[in-house]
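Single-structure report; data block below.
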Amino acid sequence: MDLDKKLIDNFVNITSKAAIACHKYIGKNDKIIADKAATDNMRDNLNKLNIDGKVVIGEGELDEAPMLYIGEKLGTGIGPKIDIAVDPLEGTNFAAKNLPGALSVIAITSEGNLFHAPETYMNKLAVGKDIPKDATDLDFTIEKNIKNIADFKNKNLSDITACILDRPRHKKIIEDLKKMKVNLKLISDGDVSGALLVTDDKYKVDIFLGIGGGPEGVLAASALDAYECKFQGRFLFKTKEDIFRAKKMGINDLDKKYELNEIVKGDSIFCATGITRGDLVKGVTLENNKYITETLFTHKKSIIKKVKKEFPNT
């Protein structure tokens, strides 16, 4: 079932207001209170919508309130049944330290069309739509993926840029990329925005890869689907608790590699509002007693657009 385009404005308002809610905590070096402000605001506004919504990709489990937890019901219960993926403050450290790249993000599909998984890590790969689908794969070596991209783009390896989270777990990958003289865009957080850098040549990122949050992977997949990009993900279940929760959700093949169309099915809406300035969107500003926000939104069936909005400082 296609989603009503009228929902777009509702969700742009929701991520915008969540971004505004944590604006006063930018640079205060307290990521917990900033995240709580965005989360509480997002929950309150989602519950005002005439939807029968359920969080299928969230920030935590039921006992981890105030997070928007997996399985939480949202909305008035009157209206379309929708699945929701949320990250009210993606890049908590960015907001706390007033660094570029903090976002408020949400994605929705009709009920049953968004992958259900517990909060865990995911190994990810994303490339733009100009790369043939069979040229890259999570199961290929780093060298093979990079060389295939270079071949299809008719570039030297030294002209290829890979975006990856700067984490100790990626030490070997980063060393391999350096040996090939590949350009690196190392990010300290925010792998939704990192993955979306493959959507347009202006960002000068040819591949996004590495291990990051599973919820962020599902959120990014929703937007990448609208851009007709490639995304693959493999969830990583490392603890007995992770495995128990996965099996409880019906995930029996713990090593399965998921293609984009298995993560997001059918129509979808994605919204990402800037909290601090970044590559994708500008951050929240306060001018003439009004908050100004910028949001990137995609509706798979119709449009990809950036929109600015003003909200009174009340």
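Computed from point charges on the beta carbon alone (+1 for Lys and Arg, -1 for Asp and Glu), the dipole magnitude for the chain about its Cα centre is near 600 Debye.
Translational D (Stokes-Einstein, µm²/s) of region 227-291 at 10 °C and 1.306 mPa s when Rh comes from the Kirkwood sum over C-alpha pairs?
Details: Rh = 15.7 Å.
Using the Kirkwood radius from Cα pairs, D works out to 101 µm²/s.
Distances between placed amide hydrogens fall under 5 Å for Asn113 paired with Asp83, all partners being 5 or more residues away or on another chain. Per residue of the chain, the DSSP helices (runs of n ≥ 4 H) give a summed -39500 (n - 2.57) that works out to -8500 deg cm²/dmol at 222 nm. Neighbour counting of Cβ atoms within 10 Å sorts the residues Cys271, Cys163, Cys229, fewest neighbours leading, into Cys229, Cys163, Cys271.
Lys and Arg at +1, Asp and Glu at -1: add these up for the other residues within a Cβ distance under 11 Å of Asp159 and post the number. Combined, the nearby Lys, Arg, Asp and Glu give +3. The lysines within cross-link reach of Lys247, meaning a Cα-to-Cα straight distance under 28 Å and a gap of 8 or more places when in the same chain, are Lys54, Lys73, Lys81, Lys124, Lys230, Lys238, Lys256, Lys257, Lys265. Using only the alpha-carbon atoms, how far is helix 6-21 inclined from the longest principal axis of the chain? Give it as 0 to 90 degrees, nearest 10. It is inclined by approximately 90 degrees. Relative contact order, whole percent, for region 121-263 stands at 33, derived from Cα pairs under 8 Å and 6 or more residues apart. Please state the shape class of region 161-200: rounded when a/c is under 1.5, otherwise prolate if a/b exceeds b/c and oblate if not, all from the C-alpha gyration tensor. Oblate is the answer for region 161-200, as a/c is 1.5 or above yet b/c matches or exceeds a/b. To the nearest ten degrees, helix 142-153 and the longest principal axis of the Cα atoms of the chain are 90 degrees apart.
What ranking, highest mean first, results for peptides 16-26, 46-56 when packing means the other Cβ atoms within 10 Å averaged over each residue? Working shown, then result.
Details: 16-26: 23.5, 46-56: 19.2.
Going from most to least packed, we get 16-26, 46-56.
Couplings for region 218-234, taken from phi via the Karplus curve 6.51 cos²θ - 1.76 cosθ + 1.60 with θ = phi - 60°, read 5, 4, 4, 4, 4, 6, 4, 4, 5, 7, 6, 7, 9, 9, 10, x, 10 Hz in order; Gly and Pro are left as x. Listed values for region 189-204 are Karplus-derived 3J(HN,Hα) couplings in whole Hz (6.51 cos²θ - 1.76 cosθ + 1.60, θ = phi - 60°), namely 6, x, 8, 6, 5, x, 5, 6, 5, 7, 6, 8, 4, 5, 7, 6, and x replaces Gly and Pro. Note: region 169-314, Cα convex hull, 161 Å³ per residue. The angle separating the long axis of helix 31-46 from the principal Cα axis of greatest extent in the chain is about 60 degrees.
Evaluating 6.51 cos²θ - 1.76 cosθ + 1.60 at θ = phi - 60° for every residue in region 78-95, the Karplus couplings come out as 10, x, x, 7, 9, 9, 10, 10, 9, 8, x, 9, 8, x, 4, 5, 4, 5 Hz, glycine and proline recorded as x.
A cut-off of 5 Å between modelled amide H atoms, ignoring neighbours fewer than 5 places along the same chain, links Leu99 with no other residue.
Relative contact order for the chain: 21 percent, from Cα pairs under 8 Å spaced at least 6 residues apart, divided by residue count.
For the peptides 103-113, 5-15, 129-139, what is the packing order when you average, over each peptide's residues, the other Cβ atoms within 10 Å and list the highest mean first? Don't skip to the end; give the middle numbers.
On the way: 103-113: 23.9, 5-15: 19.2, 129-139: 14.1.
Put in order of decreasing packing, that is 103-113, 5-15, 129-139.
Here the contact order of region 194-306, divided by its residue count and restricted to Cα pairs under 8 Å and six or more residues apart, works out to 21 percent.
Laboratory data are not the source of any read-out in this text; all were calculated from the coordinates shown. If you're wondering where the values come from, they're calculated on a predicted model, not measured in any experiment. A quick note on method: Cβ atoms are made from the backbone with ideal geometry, for glycine too, and the neighbour counts reach across all protein chains shown.
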